[in-house]
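Encoded as structure tokens, the structure appears first; notes follow it.
The values are calculated or read from the model by the stated rules, or taken from the named source; none is laboratory data. Remember, predicted model here, so these are calculated numbers, not experimental data. Positions of Cβ are backbone-derived with ideal geometry, glycine not excepted, and every protein chain shown enters the neighbour counts. Heads up: the accessible areas ignore ligands, DNA and RNA and are worked out on the full protein's heavy atoms, side chains in. Shrake-Rupley method; radii C 1.70, N 1.55, O 1.52, S 1.80 Å.
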Amino acid sequence: MKKIVISTGGGDAPGLNAVIYAVVRSCHKRGWEVYGSRNGYKGLLNMDELVRLEPEDVEGIYALGGTIIGSINKGDPFNMPVENLAGEIQFIDISDKILNNFQRMGFDCHIAIGGDGSLEIARQFSEKGMPVIGVPKTIDNDLEATDRTFGFDTAVATATEALDKLHSTAKSHDRVMVVEVMGRESGWIALYSGISGGADAILIPEVPFDIENVCSKIMDNTLHEKDYAIVVVAEGAKNSKGQVISKGEGELGRSEVVLGGIGEWVAAEIRERTGKDTRSLVLGHLQRGGSPTTFDRLLAMRFGAAAVRLVEQGVFGHMVALASPTMKAVSLADAVRSRKKVDLESDKVLTAREIGICLGD
Ligand code: F6P
């Protein structure tokens, strides 16, 4: 008999529940117990946030967005911000307490589902002696060690559907619509949805853009009797001066900068330089919501089942990864080493260029 604890950390992504479903059922089949740690590591810190998960608790959840055990994207247990009596913020390490609770509960393994930040925390716990297995999650698809992360396909489908809808209104009003999508420092969501949704220009962090080139593309549309345009901008896109637009430093307890605002910046430049009626919108967290696509559900369930197989084999300190058509285990150290960027020589980028999409360069 084994006792597993599972957590979901970082920004949510469609498919989290499908992983939980697969882990609970695969463990149940082996006669093992599963507990959910609510809100990342909080359940391991505070025992009343630990919940026992039985097959009946996860019935049908594979089709639901979000995570039934909650998630949190700030508060690294190795560097946790707390307010002292003088009202000042101090950073403390609470990882020992979490490890002690893990051992006291008699857990054999922690299955940590997360993106780069949560997997880095999982790596540190693994180094500290906790048997951990990581599962790669993020709509950004920016983990180098796996062919795909779950959540990405759903986010792309949502963004593509939004672009489809924007075409008709842009056309009715002869407008330029600038759509900002998520993805942090990688342009995957922008590239995939932009191509599939018929964008005229796609601006991604991997290709610094010159706004003049974007405006030329829009004016070229007009010359060819297309008086509207759709521009997709990744939130981390940079102009040719290397400027990234952000909402400032990360929130307390969060190391990364909160991105956002580039869409409106691009729209204002286009308006001024072309005189075109231009609007911008931010798809934001819509991309993280809703039911996972078939691809994401299946991938998430495969990750969950593969993670339980690793527990059975005693392979800890690793993350399950898709190496199509199979699953492999990569060390957590390798899993968090680098971010996956769009390959500018790839067939998708060539396709975008060949069908006349401006990438801003
Ligand atoms: O990493 C996933 C992600 O959705 C990014 O694409 C985005 O920059 C960030 O999280 C948004 O985080 P929050 O939910 O804190 O606004």
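Quick notes on this one:
- Condition check for residue 91: in the same structural domain as residue 311 (by TED's automatic domain parsing), away from the ligand (no atom under 15 Å from the Cβ) and within 21 Å of residue 308 (Cβ to Cβ): no
- Residues satisfying the criterion are absent from region 79-93 (criterion: on the phi < 0 side of the Ramachandran plot and buried (at least 19 other Cβ atoms within 10 Å of the Cβ)).
- Taking the criterion of being out of contact with any Cys (no Cβ under 7 Å at 6 or more places or on another chain), outside any loop (DSSP other than H, G, I, E, B) and either open to solvent by less than 10 Å² (accessible area, probe 1.4 Å) or within 13 Å of the ligand (Cβ to nearest atom) (or both), the residues of region 133-160 that qualify are 134, 135, 136, 137, 143, 150, 152, 154, 155, 156, 158, 159.
- Applying the criterion of being over 29 Å from residue 343 (Cα atoms) and touching a residue at least 40 places away in the same chain (Cβ under 8 Å) to the residues of region 161-185, the residue that is farthest from the ligand (Cβ to nearest atom) is 174.
- Only one entry of 283, 359, 298 meets the criterion of being outside the structural domain of residue 206 (by TED's automatic domain parsing), of a type in the set (A, V, I, L, M) and buried (at least 21 other Cβ atoms within 10 Å of the Cβ), and that entry is 359.
- Residue list for region 16-33, filter: under 13 Å from residue 61 (Cβ atoms) and open to solvent by less than 50 Å² (accessible area, probe 1.4 Å): 16, 17, 18, 19, 20, 21, 22, 23, 24
- For region 44-59, the criterion of being free of Cβ contacts under 8 Å to residues at least 24 places away in the same chain, open to solvent by 30 Å² or more (accessible area, probe 1.4 Å), more than 16 Å from the ligand (Cβ to nearest atom) and not charged (D, E, K, R) is met by at least one residue.
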